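For reference, the structure is listed below as structure tokens.
Derivation of every value follows stated rules applied to the coordinates shown; laboratory data play no part. Computed from a predicted model, the values in this text were never measured in an experiment. Glycine also receives a Cβ, built like all others from the backbone with ideal geometry; neighbour counts cover every protein chain displayed.
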Amino acid sequence: MDPAKQEEDYGYNLFPERNAGEQKKTSLSQSLFTFNHKCQVMLQFAMETSPYAKLLLSAMKGSGCNVLRERHFSCEDCDGTVSGGFDATSSQIVLCQNNIHQQSHMNRVVTHELIHAFDHCRANVDWFNNYRHLACSEIRAANLSGDCSFYNEVSRLHFGLKQHHQACVRARALRSILAVRKIGREEAEKIVDEVFDSCFGDHAPFGRIPHGKKDAKFAYRDYMNRDRYYSNL
Ligand SMILES: [Zn+2]
């Protein structure tokens, strides 16, 4: 990587296995019982059982973006404490196998990244040059993925405050942008605040803010039933 490239690395330094042409091939026997295998198993479980993931996968399929586990997901070792990422260049979701150890965490990361993939599918998102686009998708991902759900917040020892969900969404969106773009904190805050209301209010494809698994289940059921009225005519 030349120095000029390093200035705008788009966060790829957090995903060291994302270097083109350097794809490591692991044999089946090597991958069994490793982090990679565990990651694949947890991913499959998330895709089959999480109502958040199931809704997003169905909605994307409905928009002509069929998500395939082998093609659109990649379990990799990542730097630092990042859990996942969406690589718009390859339309791939990276899952950080060295940082995701629990199914509930996997479900949240898969959901968060699928929201980016959903935005990528439905809109012409300019991830690299338009910070407002990126900010909007990060706000939506933090708002709708359960990243800021009550349980997660309680476990971070944050209590009370009606506006807390919004504050959490804003803080997490900011953190995500600062992690992957060379941009000052003040500028990032300004951009997040500018787009916050419209992006926070955009609940597609959930139709509501799913504050927990139960909400997500209802949202999934509503989504699957959305055409019933017409198909029964
Ligand atoms: Zn994100």
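Add +1 for every Lys or Arg and -1 for every Asp or Glu among the other residues with Cβ under 10 Å from the Cβ of N98, and state the total. With Lys, Arg at +1 and Asp, Glu at -1, the net is -3.
Given a Förster radius of 25 Å and the C-beta distance between Y10 and R122 as r, what FRET efficiency does 1/(1 + (r/R0)^6) yield to the nearest 0.05? List each step's numbers first, then the result.
Numbers: r = 22 Å, r/R0 = 0.87.
That pair, Y10 with R122, gives E of 0.70.
Computed from backbone phi, the HN-Hα couplings of segment 74-86 come to 9, 8, 9, 7, 10, 7, x, 10, 5, 9, x, x, 10 Hz, rounded to whole numbers (Karplus: 6.51 cos²θ - 1.76 cosθ + 1.60, θ = phi - 60°; Gly and Pro given as x).
How would segment 40-129 be classified by its alpha-carbon gyration tensor: rounded, prolate or oblate, with rounded meaning a/c under 1.5 and the a/b versus b/c comparison settling the rest?
The shape class here is oblate.
Among residues other than L174 with Cβ under 9 Å from its Cβ, the summed charge is +2 (Lys and Arg +1, Asp and Glu -1).
With Cα atoms defining each centre, segment 95-146 and segment 178-203 are spaced 14 Å apart in the structure.
Remark on Q92: its backbone amide H falls under 5 Å from those of D87, a criterion applied only to residues 5 or more positions apart or on other chains, H modelled at 1.01 Å from N. For the residue pairs K38/K214; K54/K214; K38/K61; K38/K217, the C-alpha atoms sit more than 20 angstrom apart in K38/K214; K38/K61; K38/K217.
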